[in-house]
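Chemist: Dropping the structure in here first, questions after.
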Amino acid sequence: MASNSILSQGTRFQIQKLGTNGSPKTITGISAANPAVVTSTAHGLATGDVVTIAAVVGMTQVNGQSYVIKNLTANTFELVGCNSTTFTAYGSGGTATPFTFAESNEHKSYTVSPGQASDIDKTTMISTAKEFGVGLSDTGTFDVELNYVEADVAQVEMKLGLLDSSERWFRIIKRNGGISAMKGSVRSLSETGAVDGIFTGSLSVRLSGTKYEV
């Protein structure tokens, strides 16, 4: 039986550029569905884009939220993970503004490490063995090994993220078209030099929320 493995060479890595967004898309409808479907005539967006919603009247629960999108038609797109069935009915107006991303030219490998739930010790003095419950789960980390190049546009954003502790979106775009989108904060960016070598570095991101596959 032939393997279904996917070559990783050609994988692209992107980090959100804060303060630089695309053109807002006018919203004319949002369905009460799971997932919610947005109507926006000739929006021009692409699968895996991340948009922030604003100024919606009625279904105000979506305002100020950012969503990964997929299943696009010329005039509609889904908000991945948005269950709007219990939201207030859409009234009118609103915009969906896509974030912009800086693309790395220097990444060499990456690792997404899922988090795990903490153990809660419930053992008492009458227990016959250790007793544990399952606590809250964290969302893990995202680590990238790279050639350290100060002028690389993605690494400029990594450094800014380290300085301001802001949450940003990160995207991995695989050669088969699959996209992983996740949000997190840069917690470290190292730099290493050596004799007869090049400068290398490591990026570590603390993830927050769901990792989306589209």
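The values are calculated or read from the model by the stated rules, or taken from the named source; none is laboratory data. Keep in mind it's a predicted model, so treat the numbers as computed, not measured. FYI the Cβ positions are ideal-geometry reconstructions off the backbone, even for glycines, and counts take in every protein chain you see. For accessibility, only protein heavy atoms count, side chains too; no ligands or nucleic acids. Shrake-Rupley method; radii C 1.70, N 1.55, O 1.52, S 1.80 Å.
Chemist: Just need a number here: residues in region 73-109 that are among the hydroxyl-bearing types (Ser, Thr, Tyr) and within 30 Å of TYR148 (Cα to Cα).
Modeler: Qualifying residue count, region 73-109: 3.
Chemist: Could you please find all residues in region 61-115 being in a strand (DSSP E or B) and hydroxyl-bearing (Ser, Thr, Tyr)?
Modeler: Across region 61-115, the qualifying residues are SER66, TYR67, THR76, SER92, THR95, THR97, THR100, SER109, TYR110, THR111, SER113.
Chemist: Scan region 157-184 for residues that are among the hydrophobic types (A, V, I, L, M, F, W, C) and surrounded by fewer than 13 Cβ atoms within 10 Å (Cβ to Cβ) and jot them down.
Modeler: LEU163
Chemist: In the set GLU131, GLU145, which member is within 21 Å of ARG12 (Cα to Cα) and of a type outside the set (Phe, Trp, Tyr)?
Modeler: Exactly one of GLU131, GLU145 is within 21 Å of ARG12 (Cα to Cα) and of a type outside the set (Phe, Trp, Tyr), namely GLU145.
Chemist: Further, regarding this structure: Which one is farthest from SER166 (Cα to Cα) among residues in region 18-33 that are open to solvent by 70 Å² or more (accessible area, probe 1.4 Å), touching a Gly at 6+ places or on another chain (Cβ under 9 Å) and part of a loop (DSSP other than H, G, I, E, B)?
Modeler: Filtering first and then ranking leaves THR28.
Chemist: Considering every residue within region 5-17, establish whether at least one is loosely packed, with under 15 Cβ neighbours inside 10 Å, out of contact with any helix residue (DSSP H, G or I) (no Cβ under 7 Å at 6 or more places or on another chain), over 26 Å from PHE170 (Cα atoms) and of a type in the set (Gly, Ala, Ser).
Modeler: No; the residues of region 5-17 include none that is loosely packed, with under 15 Cβ neighbours inside 10 Å, out of contact with any helix residue (DSSP H, G or I) (no Cβ under 7 Å at 6 or more places or on another chain), over 26 Å from PHE170 (Cα atoms) and of a type in the set (Gly, Ala, Ser).
Chemist: Right, next: Search region 1-39 for residues being modelled with pLDDT under 95 and among the hydrophobic types (A, V, I, L, M, F, W, C), and hand back the single one that is farthest from GLY94 (Cα to Cα).
Modeler: MET1
Chemist: So GLN65 clears everything in (1) touching a strand residue (DSSP E or B) at 6+ places or on another chain (Cβ under 8 Å); (2) open to solvent by less than 80 Å² (accessible area, probe 1.4 Å) except one condition, right? Which one?
Modeler: Unmet condition: (2).
Chemist: While we're on this one: Hey, could you check region 185-214 for residues that are touching a Phe, Trp or Tyr at 6+ places or on another chain (Cβ under 6 Å) and open to solvent by less than 20 Å² (accessible area, probe 1.4 Å) and say which is farthest from GLU78 (Cα to Cα)?
Modeler: GLY201
Chemist: Against the condition part of a loop (DSSP other than H, G, I, E, B), open to solvent by 50 Å² or more (accessible area, probe 1.4 Å) and within 12 Å of TYR90 (Cβ to Cβ), how does ALA42 come out, does it pass? Spell out the reasoning first.
Modeler: Numbers: part of a loop (DSSP other than H, G, I, E, B): yes; open to solvent by 50 Å² or more (accessible area, probe 1.4 Å): yes; within 12 Å of TYR90 (Cβ to Cβ): no.
No, not satisfied.
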